[in-house]
Amino acid sequence: MELDSFLRFRKLPTWQPRDVEALLEKLSSKNRDFVEKYLAAPSQRAIARSTTSNHLYMSWGFATIELARTRALEGCRKQKPDEACVLVMEDDRWIGNEVTEQSAVAGSAATPKSGP
């Protein structure tokens, strides 16, 4: 996180606290640590979410976005083998749909996983 402070001090682009809030809302998650780690992680990165329990799995640090996607989906499916998993985030781009109240599970588990 020190790198982000360095970038902010020099008015260079980096994620902002409001980015964390927006992503927490889209993910219907309360796991701030997971989101902050994802936003600070190096590209190429992705988040997969199980469609039943709202479990989150991230991958990061891959040479290509294709590898990051594949690893996020594989990790999600490994941890939640009885549930479907979908990609919701690629690098800084939201590609999923917000979770509805009925499909969200309060306090959903989110397990950060690192790259290669």
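Here LYS11 is the anchor, and the lysines within straight C-alpha reach of less than 24 Å, apart from those fewer than 8 places off in the same chain, are LYS37. The loop-placed trypsin sites (Lys or Arg not before Pro) in the range 1-96, going by DSSP, that have at most 11 neighbouring Cβ atoms within 10 Å of their Cβ come out as ARG10, LYS11.
Any read-out appearing in this document is the output of simple, stated calculations on the displayed coordinates, not a laboratory observation. Just so it is clear, the structure is predicted and the values come from calculations on it, not from any experiment. So basically every Cβ, Gly included, is an ideal-geometry build from the backbone, and we count neighbours across all protein chains shown.
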